[in-house]
Amino acid sequence: MKGRITQELGRVTRNRRLQRRGRNDRVSGSLKQAVEKTKDAFRRNGSGPR
């Protein structure tokens, strides 16, 4: 959510640095969520490291 707000604020103020920072925050947040979902899937299936 923070990334989306930062990106939109950058767009409104025409500040490319803020837009870029917001986009990067969104992407890193999405990657973190994907990693956590993958970890959870392995834990549920019992296929985790031994």
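The values are calculated or read from the model by the stated rules, or taken from the named source; none is laboratory data. Since the structure is predicted, the reported quantities are computational estimates derived from the model, not experimental observations. Cβ coordinates were reconstructed from backbone atoms using ideal geometry, including for glycine residues, and neighbour counts include every protein chain displayed. Side chains are part of the model used for accessible areas, which takes the heavy atoms of the whole protein and leaves out ligands, DNA and RNA. Shrake-Rupley method; radii C 1.70, N 1.55, O 1.52, S 1.80 Å.
Listed values, structure above:
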| item | result |
| --- | --- |
| Enumeration of residues in the range 14-26 that are surrounded by 10 or more Cβ atoms within 10 Å (Cβ to Cβ) and out of contact with any Gly (no Cβ under 8 Å at 6 or more places or on another chain) | 15 |
| Conditions (1) open to solvent by 100 Å² or more (accessible area, probe 1.4 Å); (2) touching a helix residue (DSSP H, G or I) at 6+ places or on another chain (Cβ under 9 Å); (3) aliphatic (A, V, I, L, M); number of the one not met by residue 31 | (2) |
